[in-house]
Amino acid sequence: MEFLDILGIKEENFGASSGLNWYKSKDQGIINVVSPVDGKQIAKVFQASEKDYDDLISKAHEAFKFWRTVPAPKRGDIIRQVGLKLREFKQPLGMLVSYEMGKSLQEGLGEVQEMIDICDFAVGLSRQLYGFTMMSEREKHRMYDQYHPLGIVGIITAFNFPVAVWAWNSAIATVCGNANIWKPSSKTPLCGIAVQNILAGVIRDNNLPEGLFSLIIGKGSTIGEKILNDGTVSLISLTGSTSVGKHAAEVIAKRFGKSILELGGNNAIIISPNADLHIAIPAVVFGAVGTSGQRCTSTRRLIVHEIIYDKVKDSLIKAYQSLRIGNPLDERNHVGPLIDKKAVEDFNNALQQAVKEGGKIISGGDLLSGTGFESGCYVKPAIVETENHFNIVQQETFAPILYLIRYKGDVQNAIDIQNNVVQGLSSSIFTTNMLEAEEFLSCSGSDCGIANVNIGTSGAEIGGAFGGEKETGGGRESGSDAWKQYMRRQTNTINYGTKLPLAQGIKFDI
């Protein structure tokens, strides 16, 4: 395929790069990368060795010692150039994201645009790494805080956003003065290799040190564990399941490292009797079936007031019947495949469990086969009538399953249902009633890191901080003041007088 050639993807690829040079390890096993779109093998990737990792970390440390001394606006100019390169390669990279991961081409292109947008954000940020000046209680003293680069930032990403999440972290980490090492998902390694090839031009043109942008593709049991346990990696940003995040948090905490955890979501939309269904229904459908339900912000639960329950249910069934499922590179299709057959198995098991607990499948749930579906990864998105307390509803299934839940009474009852899960990422309410909207956004409202009114749970903009609470991990990435996590905070006090007054009026005369 032409886009593979443009991005430098070969039949056989190496799994570790320090920016310009690729390491040649071949003895750690091969990843046969198969597209969920058509079941065909795209390419092979040789996994990196622990020795490769050690060498990359050494180069990253040396790169950091140089990079932290470069003025932040000049660091921002490098990210500006990265953004320009991504604009140049937007079409082929978006096609690779779609083909390797399985999301629609529009979503693939949108993911690359998200990379471009965060680069633009980071360029502006490079001139706004501000601290505050505080009033000292001691005369002729000045007190302020400032932020310094951390060191090496480890970025561990998941398959569902194979390039955007790396950009969220690396663009900001780089302007903050850090070096980066990226471990992409072994399910989508080619996207990482393609990005590394794009970066090489910027690195070469600016004579940047090796190790500023590093890539390593390897086993979680070896390379992944080395990153988690490595005391020279100052911050680890990890996107993945809650179980993986719990393990990572324990390991990182034992060495007093810093972490940003973006873990599971069990996101709900509340539809009140005051909702405008003309905008609510499309938002629900996109939230539930976009990326084939494989977003951490995908809509999992729909909590609908009993007065309009049947109307909403009928509208959803009609909308689901109009969904076009097929090759995601065909822009006429709404829904592509799941990432692999294991995801299909999880989809089927979840539906069986929902029925076993008393749920009723009212739309979809079938595995598709035949021409165009040879990979065995295509399913019909499902709608299931359930209750919130079902065990399966309390879990996150990374697949296009929408649980339809009825509520009675006022909006607080719906909010209580929404909050009654262990995850706390994204949430939404559809209402034209200001009192309901404000209650949802209040301290007694949604307990999620993201709370929306009259838009869905997915499709966050890069300008806001992204992340959630409870078992979602508590981390924040992307916009707002999330940049502070990539720096170490320092409080400074300067005495410009000739006396030494102590705080709190303490006297110490000698």
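Quick rundown of the values:
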| read-out | value |
| --- | --- |
| Qualifying residue in segment 47-61 (condition: of a type outside the set (Ser, Thr, Tyr), assigned to a loop (DSSP other than H, G, I, E, B) and exposed (fewer than 15 other Cβ atoms within 10 Å of the Cβ)) | no |
| Hits in segment 8-19 - residues which are exposed (fewer than 15 other Cβ atoms within 10 Å of the Cβ) and either within 12 Å of Gly211 (Cα to Cα) or among the basic types (Lys, Arg) (or both) | Lys10 |
| Candidates Gly464, Gly459, filtered to the one that is surrounded by fewer than 18 Cβ atoms within 10 Å (Cβ to Cβ) and at pLDDT below 95 | Gly459 |
| Residues satisfying the stated conditions in segment 467-483, i.e. open to solvent by 50 Å² or more (accessible area, probe 1.4 Å) and either touching a residue at least 60 places away in the same chain (Cβ under 8 Å) or aromatic (Phe, Trp, Tyr) (or both) | Glu471, Arg476 |
| Of the criteria (1) in contact (Cβ under 8 Å) with a residue 24 or more places away in the chain; (2) assigned to a strand (DSSP E or B), which one Asn32 fails | (1) |
| Where Lys26 falls short, out of the listed (1) part of a helix (DSSP H, G or I); (2) touching a strand residue (DSSP E or B) at 6+ places or on another chain (Cβ under 6 Å); (3) open to solvent by 50 Å² or more (accessible area, probe 1.4 Å); (4) not polar (S, T, N, Q) | (1) |
| Criterion: over 21 Å from Ala179 (Cβ atoms) and either surrounded by fewer than 18 Cβ atoms within 10 Å (Cβ to Cβ) or touching a residue at least 40 places away in the same chain (Cβ under 8 Å) (or both) - qualifying residue of Val123, Val70, Val112, Val82 | Val112 |
| Enumeration of residues in segment 277-314 that are more than 27 Å from Thr239 (Cβ to Cβ), open to solvent by less than 40 Å² (accessible area, probe 1.4 Å) and assigned to a helix (DSSP H, G or I) | Leu277, Ala280, Ile281, Tyr309, Val312 |
| The one condition in (1) over 23 Å from the mean Cα position of the chain (by Cα); (2) β-branched (Val, Ile, Thr); (3) at positive phi that Thr291 fails to fulfil | (1) |
| Hits in segment 230-270 (condition: part of a helix (DSSP H, G or I) and within 20 Å of Ala173 (Cβ to Cβ)) | Gly245, Ala248, Ala249, Ile252 |
| Members of segment 404-445 that are farther than 18 Å from Pro273 by Cβ, open to solvent by 50 Å² or more (accessible area, probe 1.4 Å) and part of a loop (DSSP other than H, G, I, E, B) | Asn420, Val422, Cys443, Ser444 |
| Counted residues, segment 414-454 - those being over 13 Å from Asn267 (Cα atoms) and within 26 Å of the chain's Cα centre (by Cα) | 8 |
| Residue count for segment 241-271, restricted to those that are within 14 Å of Arg300 (Cβ to Cβ) and open to solvent by 20 Å² or more (accessible area, probe 1.4 Å) | 1 |
| Of the criteria (1) within 27 Å of Lys484 (Cβ to Cβ); (2) open to solvent by less than 60 Å² (accessible area, probe 1.4 Å), which one Leu96 fails | (1) |
| Options Ile42, Ile118, Ile79: the member that is closer than 30 Å to His334 by Cβ and not in a strand (DSSP E or B) | Ile118 |
| Matching entry among Val82, Val70, Val45, Val33 (being among the β-branched types (Val, Ile, Thr), modelled with pLDDT of 95 or more and touching a Cys at 6+ places or on another chain (Cβ under 6 Å)) | Val82 |
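For (1) in contact with a helix residue (DSSP H, G or I) (Cβ under 7 Å, 6 or more places away or on another chain); (2) under 28 Å from Ile236 (Cβ atoms), each residue gets a yes or a no:
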| site | (1), (2) |
| --- | --- |
| Val453 | yes, no |
| Ile462 | yes, yes |
| Glu469 | no, yes |
| Met487 | no, yes |
| Thr491 | no, yes |
| Lys499 | no, no |
| Phe508 | no, no |
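The values are calculated or read from the model by the stated rules, or taken from the named source; none is laboratory data. Computed from a prediction, not measured in an experiment: that's the story for all the values here. Cβ: placed from backbone, ideal geometry, glycine included. Neighbour counts: every protein chain shown. Side chains included, ligands, DNA and RNA excluded: accessible areas come from the protein's heavy atoms. Shrake-Rupley method; radii C 1.70, N 1.55, O 1.52, S 1.80 Å.
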